[in-house]
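**Student:** Shown below is the structure under consideration.
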Amino acid sequence: MAEDSEPLVEIAVSPEKIGFIIVKAREYDAKVEPDDPESGSNPADDLETDVLEDFRDDATLEELSGAIESLNEDEVIDLIALAWVGRGDFDKGQWREARKLADDRHRRHSAAYLVGMPSLGDYLEEGLAVLGYPVTDLGGDHL
């Protein structure tokens, strides 16, 4: 975490929205290829393991994509830049550069880009920490 004397970098997207996206991204990252995609059995008989399988109509993917698609342009740009900071492509001092690059590359498919990024939740959490935001305040026990 940043020192107390360092000001926080302002981000357009609220920490609550980021916290939700982190939780959903981690749920989505935990998905595995379906073992039996044509299974017609009762989920209770399968010990509810289907929830961990990545089906085409997956609610977790819809929630994650929907949360990202509901953001305005500045929020999406900041979310992309935040993921890049968390991934180590930029540091706190390069925030403006990361935002500019995200703005230059930001197009209609930002949700697909972010959802397709392995470890998105971890990158967002690390990005917040690098920028000096207290991560524990975002999602309680989920983070």
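**Student:** According to a simple spin-label model (label point 7 Å from Cα along Cα-to-Cβ), what is the distance in nm between Lys92 and Ala30?
**Tutor:** Each label point lies 7 Å from its Cα, and together they span 3.1 nm.
**Student:** Oh, and also: If the convex hull of the alpha-carbon atoms of segment 59-143 is projected onto planes in all directions, what is the mean projected area in square nanometres? Walk me through the numbers on the way to the answer.
**Tutor:** Numbers: hull surface 22.1 nm².
Value for segment 59-143: 5.5 nm².
**Student:** For Ala59 and Asp104, what is the calculated FRET efficiency with R₀ set at 25 Å and r taken between the beta-carbons, to the nearest 0.05?
**Tutor:** With a Förster radius of 25 Å, E is 0.15.
**Student:** How would you rank 123-130, 94-101, highest first, on the average number of other Cβ atoms within 10 Å across their residues?
**Tutor:** 123-130, 94-101
Throughout, read-outs are computed from the coordinates displayed, never taken from laboratory work. Nothing here was measured: the structure is a model prediction, and the numbers come from that model. With ideal geometry, Cβ positions are generated from the backbone for all residues, glycine too; neighbour counts draw on all protein chains shown.
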